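**Q** Shown below is the structure under consideration.
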Amino acid sequence: MAGKAFKGFLPLFDRVLVERFAHETVTKGGIMLPEKSQNKVLQALVVAVGGGSKGKNGEIQPVDVNVGEKVLLPEYGGTKLVIEDKEYYLFRNNDILGKYLS
């Protein structure tokens, strides 16, 4: 199973390229939040996936997430990439904590 490219970038092996959701700048009650009090966004959208990694027996282990899925990320980690003036993050498949069901 081959991975899917995104704007000319294809993650290799078990890497997953994600786009974090935007910070919430207003509370449900309508109060504007200053930048310092905004929490780090841990939810992201998968935009590209690698083809998988080789297991101990030589078989390709596919990535657990697919393009378009909403995932939960760890608070720290990932490699920041800027593609066409937009920020994306590259994570290993096993660093992703979970995915949201529709």
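The values are calculated or read from the model by the stated rules, or taken from the named source; none is laboratory data. None of these values were measured; they are calculated from a predicted model. Please note: Cβ atoms are built from the backbone with ideal geometry, for glycine as well, and neighbour counts cover all protein chains shown.
**Q** Looking only at segment 65-77, decide whether some residue is over 22 Å from residue 22 (Cα atoms), within 14 Å of the chain's Cα centre (by Cα) and either of a type outside the set (A, V, I, L, M, F, W, C) or part of a strand (DSSP E or B) (or both). Explain how you work it out, then say what you get.
**A** Of the residues in segment 65-77, the ones over 22 Å from residue 22 (Cα atoms) are none.
Within segment 65-77, none of the residues are over 22 Å from residue 22 (Cα atoms), within 14 Å of the chain's Cα centre (by Cα) and either of a type outside the set (A, V, I, L, M, F, W, C) or part of a strand (DSSP E or B) (or both).
**Q** Test residue 45 against the stated conditions and say whether it is modelled with pLDDT of 90 or more, assigned to a strand (DSSP E or B) and surrounded by 16 or more Cβ atoms within 10 Å (Cβ to Cβ). So that I can check it myself, show each step before the final result.
**A** On the way: modelled with pLDDT of 90 or more: yes; assigned to a strand (DSSP E or B): yes; surrounded by 16 or more Cβ atoms within 10 Å (Cβ to Cβ): no.
No; evaluated as a whole, the condition is false for this residue.
**Q** Right, residue 57: among the polar types (S, T, N, Q) and modelled with pLDDT of 90 or more or not?
**A** Working: among the polar types (S, T, N, Q): yes; modelled with pLDDT of 90 or more: no.
Criteria not met by residue 57.
**Q** Could you check, for segment 34-41, whether at least one of its residues is surrounded by 11 or more Cβ atoms within 10 Å (Cβ to Cβ), part of a loop (DSSP other than H, G, I, E, B), touching a Leu at 6+ places or on another chain (Cβ under 7 Å) and modelled with pLDDT of 70 or more? Show your work before the answer.
**A** So the first thing to find is which residues in segment 34-41 are surrounded by 11 or more Cβ atoms within 10 Å (Cβ to Cβ), and the list is 38, 41.
Pick out the ones that are also part of a loop (DSSP other than H, G, I, E, B) and you get 38, 41.
This time we only want the ones that are touching a Leu at 6+ places or on another chain (Cβ under 7 Å), so: none.
Scanning segment 34-41, I find no residue that is surrounded by 11 or more Cβ atoms within 10 Å (Cβ to Cβ), part of a loop (DSSP other than H, G, I, E, B), touching a Leu at 6+ places or on another chain (Cβ under 7 Å) and modelled with pLDDT of 70 or more, so the answer is no.
**Q** Just a yes or no: is a residue in segment 16-23 at pLDDT below 90, more than 11 Å from the chain's Cα centre (by Cα) and farther than 17 Å from residue 89 by Cα?
**A** No, that holds for no residue.
**Q** Select from segment 78-90 the residues that are in a loop (DSSP other than H, G, I, E, B) and surrounded by fewer than 10 Cβ atoms within 10 Å (Cβ to Cβ) and list them in ascending order. First the steps, then the outcome.
**A** Taking segment 78-90 as the starting set, the residues that turn out to be in a loop (DSSP other than H, G, I, E, B) are 78, 84-85.
84, 85 - these are the residues of segment 78-90 that are in a loop (DSSP other than H, G, I, E, B) and surrounded by fewer than 10 Cβ atoms within 10 Å (Cβ to Cβ).
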